[in-house]
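What follows is one structure encoded as structure tokens, with my remarks underneath.
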Amino acid sequence: MNVDRTRSAAPPARRTARKAGRPRETDSAATRARILRAAIQCLSRHGLQRTTLNDIAHEADVAQGTLTFHFGGKSELYAAAFEWSVNELYARYSQATAGVSGVRAKVEAVLRASLEIEANEPEIFNVLLRTYVEQREYGIGVIPVPLPVHSFLDTLTREAVEDGEIGADDGEMLISVVRCLMTGLSMAALAEQDIGILTDGLVRLINGTLLRG
């Protein structure tokens, strides 16, 4: 008797059903960063009230469940976008002023860095401006100013005092002036003014070469 020794084909492997729980994209830190950048883009264009979670999920190309897994609701994502933008802004300022001597030169470096950011990544300033306005307008709890802001400005002031460039009692005044300059630049950009000319004018004003007499 002839025996058919041909092996029968193995049954196809069964795909393990994915367990319910976290959406597929939630395992990657890169996904979280992509969501955050998408939120910054959407919020800078439309603000909190007119931006939906679906808008952000579409911009980031993720499921809305992934978004809510990482950040919760829209207010939490808004706060995270604000914090990221501030931290990124002041990291750039720290890089721009590293190795620079003198408070005038440091303020000029901050202004030049602001100009570059506004030209290439205006959404960073846009989110900050919208946050300052909307957290009061829409009754959002005031978002705390991240530590890098205080650290950078306190260091700028302390070194200026130690170098004898400002009086010991003028530190808060210097901080207020620097923050006003940066806010003014971003507002001018939103108004489509030439911030290159404005930056040059501010630098000359600080250095005492703009006004005569």
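The values are calculated or read from the model by the stated rules, or taken from the named source; none is laboratory data. No experiment lies behind these values; they were computed from the predicted model shown. Positions of Cβ are backbone-derived with ideal geometry, glycine not excepted, and every protein chain shown enters the neighbour counts.
Which helices (runs of 4 or more DSSP H) sit wholly inside segment 117-213 and have at least 2 residues that are more than 22 Å from Gln95 (Cα to Cα) and in contact (Cβ under 8 Å) with a residue 60 or more places away in the chain?
By residue number, 122-137, 171-190.
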Name the residue, out of Gly21, Gly47, that is of a type outside the set (Lys, Arg), closer than 18 Å to Val127 by Cα and at pLDDT below 90.
Gly47
Scanning segment 95-130 for residues that are within 23 Å of Gly196 (Cβ to Cβ) and of a type in the set (Ser, Thr, Tyr), the one modelled with the lowest pLDDT turns out to be Ser114
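Just to confirm my filter: which helices (runs of 4 or more DSSP H) fall fully inside segment 38-110 and include at least 1 residues that are buried (at least 21 other Cβ atoms within 10 Å of the Cβ), within 17 Å of the chain's Cα centre (by Cα) and free of Cβ contacts under 8 Å to residues at least 24 places away in the same chain? Full working, then the answer.
Values: elements: 53-60, 64-71, 74-97.
Because the criterion is at least 1 residues that are buried (at least 21 other Cβ atoms within 10 Å of the Cβ), within 17 Å of the chain's Cα centre (by Cα) and free of Cβ contacts under 8 Å to residues at least 24 places away in the same chain, the helices (runs of 4 or more DSSP H) in segment 38-110 that meet it are 53-60.
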